[in-house]
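Step one of this worksheet: look at the structure below.
Nothing in this text is a laboratory measurement; each read-out follows from the coordinates by a stated rule. This is a predicted model, so every value here is computed, not measured. Note: ideal-geometry Cβ built from the backbone for every residue, glycine included; neighbour counts use all protein chains shown.
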Amino acid sequence: MMTKKITMRVNGREVVVEVDIRESLLEVLRGRLNLKGVKKGCSVGECGACTVLINGEPIDSCIYLAVWTDGKEIRTIEGEETGGKLSKLQQAFVDEGAVQCGFCTPGFIMSARALLDSGKKLTRQDIIKGLSGNMCRCTGYQNIIKAVEKAIEDKA
Ligand code: FES
Ligand code: FES
């Protein structure tokens, strides 16, 4: 097994971890750093359940090698709440009934976070496009879009 020591910032905290060069970022986040909010769905870059932000960009962590994150900034769903309090974005998902089984929710929230942080004025079309890499098996798309619109109103 070939390993490499990498340093990344995860939700604002510096983390040094020795990874197998073939390991995905998803495996490292869930298995080593215990960030179980990052979900494993398809494992082949199709469903978006594993979406995290890498230097602000939403990425499918199941098909992104952990070694590529050396020196990068990672954000996961665990970075949304502060002191046990949901972020305005998370709250909007709750308020708009956008969480059914919840499996897809962390991925959707991270994609939405990237949209909100872009600072652009977002249309409904921009939201749909920004969330197009995320799938919801419970087909709650309408409420998810409404939740993001509410988060925009709330300046989340
Ligand atoms: S688990 Fe990564 S895209 Fe489905
Ligand atoms: S809420 Fe169940 S997969 Fe989306």
**Prompt:** Quick one: Cα centre-to-centre distance for region 17-68 and region 79-138, in angstrom?
**Reply:** 18 Å
**Asked** Based on the Cβ-Cβ distance from ARG22 to SER132, what FRET efficiency comes out when R0 is 25 Å, to the nearest 0.05?
**Response** 0.30
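How large is the helix-only mean residue ellipticity at 222 nm for the chain, computed as the sum of -39500 (n - 2.57) over DSSP H runs with n ≥ 4, divided by its residue count, in deg cm²/dmol to the nearest 500? Walk me through the numbers before you get to the answer.
Values: 4 runs with 41 residues, N = 156.
Counting only the DSSP helices, I get -8000 deg cm²/dmol.
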**Item:** Spread of Cα-to-Cα distances over 5 Å intervals beginning at zero, given as percent, for the chain
**Value:** 2, 10, 19, 23, 20, 13, 8, 4, 1, 0
**Item:** Rough spin-label spacing in nm, given labels placed 7 Å along Cα→Cβ, for ARG32 and MET1
**Value:** 1.0 nm
**Fill in**
Scalar couplings 3J(HN,Hα) for region 72-80 by Karplus 6.51 cos²θ - 1.76 cosθ + 1.60 (θ = phi - 60°), nearest whole Hz, x for Gly and Pro, are 9, 9, 10, 10, 10, 4, 4, x, 6
**Fill in**
Of all DSSP beta bridges having both residues in region 3-79, the percent classed as antiparallel (nearest 5) is 90 percent
**Complete:** From the cross-link list LYS72/LYS120; LYS36/LYS85; LYS40/LYS146; LYS85/LYS150; LYS88/LYS120, the entries with a Cα-Cα span beyond 21 Å are LYS72/LYS120; LYS40/LYS146
**Fill in**
The answer for ALA49, listing residues at least 5 apart or on another chain whose modeled amide H is closer than 5 Å to its amide H, is GLY41, CYS42, MET135
**Nearest-ten-degree value, helix 105-117 long axis tilted from longest Cα axis of the chain** = 80 degrees
**Prompt:** Hey, what do the phi angles of region 29-36 turn into as Karplus ³J(HN,Hα) couplings, whole Hz, using 6.51/-1.76/1.60 and θ = phi - 60°, x for Gly and Pro?
**Reply:** 5, 6, x, 9, 9, 6, 8, 7
**Message:** Using a 7 Å offset from Cα along Cα-Cβ at GLU153, what residues in region 94-118 end up with backbone N under 15 Å from the label point?
**Reply:** 94-98
**Prompt:** Which order, highest average first, do 120-126, 73-79 follow once you tally other Cβ atoms within 10 Å for each residue and take the mean per peptide?
**Reply:** 73-79, 120-126
**Fill in**
Taking N as the residue count of region 3-79, its alpha carbon Rg divided by 2.2 N^0.38 Å gives 0.95
